[in-house]
């Protein structure tokens, strides 16, 4: 079963106020960060970005909980975090029935979490272009399977080629081309030889 289908089922099994709130939160996450990937993990919906967890949403008897695994890296001004151990990186926002909900506050948190993920991806040695390439590949099961089977040198060649594009439009075009080549299971050199007819 696809992650999105599992998430749909999870949301559907809760009381109406929680269903409506989780559906709206899901919409806001996608609106705030278009590159987000839905993942079913730990028996609840997770949203990943730049190959790292962005947030997860779960429901308890009295609340809908939004957990930001890197919440300690940014402050929440409009939606208060639940009290927690300061040594932990994660932070949780609990939304209860009848509570006033600030969509702008939640969207702001998603933007902050997105920026933290991208910053940590760069700090881990991945540049934005290679992270973007991986995000696109993850959405295509065939391409993602081939990517996982490529050796480090082949992956690095693709990442450098995409990253060498100086303009954003060039990088986007190269990502689209890379997706097609990777979907076919071709290393970049092989694809270039095919084009040249060698």
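The values are calculated or read from the model by the stated rules, or taken from the named source; none is laboratory data. Model, not experiment: these values are computed from the prediction. In this analysis, Cβ positions are derived from the backbone assuming ideal geometry, glycine residues included, and neighbour counts consider all displayed protein chains.
A few notes on this one:
- Only one of 80, 69, 45, 53 that is surrounded by 11 or more Cβ atoms within 10 Å (Cβ to Cβ), modelled with pLDDT of 90 or more and in contact with a strand residue (DSSP E or B) (Cβ under 8 Å, 6 or more places away or on another chain): 45
- Some residue of the stretch 101-111 being at pLDDT 75 or above, surrounded by 15 or more Cβ atoms within 10 Å (Cβ to Cβ), part of a strand (DSSP E or B) and not assigned by TED's automatic domain parsing to the domain that holds residue 179: no
- Residue within the stretch 27-36 that is within 18 Å of residue 120 (Cβ to Cβ), part of a strand (DSSP E or B) and either in contact with a strand residue (DSSP E or B) (Cβ under 6 Å, 6 or more places away or on another chain) or at pLDDT 90 or above (or both) present: no
- Taking the criterion of being under 15 Å from residue 93 (Cβ atoms) and assigned to a strand (DSSP E or B), the residues of the stretch 46-61 that qualify are 47, 54, 55, 56, 57, 58, 59.
- Among the residues making up the stretch 141-190, those that are buried (at least 17 other Cβ atoms within 10 Å of the Cβ) and without any contact (Cβ under 8 Å) to a residue 24 or more places away in the chain are 155, 174, 181, 186.
- Unmet requirement for residue 93, which otherwise passes all of (1) in a helix (DSSP H, G or I); (2) surrounded by 12 or more Cβ atoms within 10 Å (Cβ to Cβ): (1)
- Residue in the stretch 29-43 that is in the same structural domain as residue 118 (by TED's automatic domain parsing), over 20 Å from residue 114 (Cβ atoms) and touching a helix residue (DSSP H, G or I) at 6+ places or on another chain (Cβ under 6 Å) present: yes
- Residue count, the stretch 161-170 (criterion: part of a helix (DSSP H, G or I) and modelled with pLDDT under 85): 2
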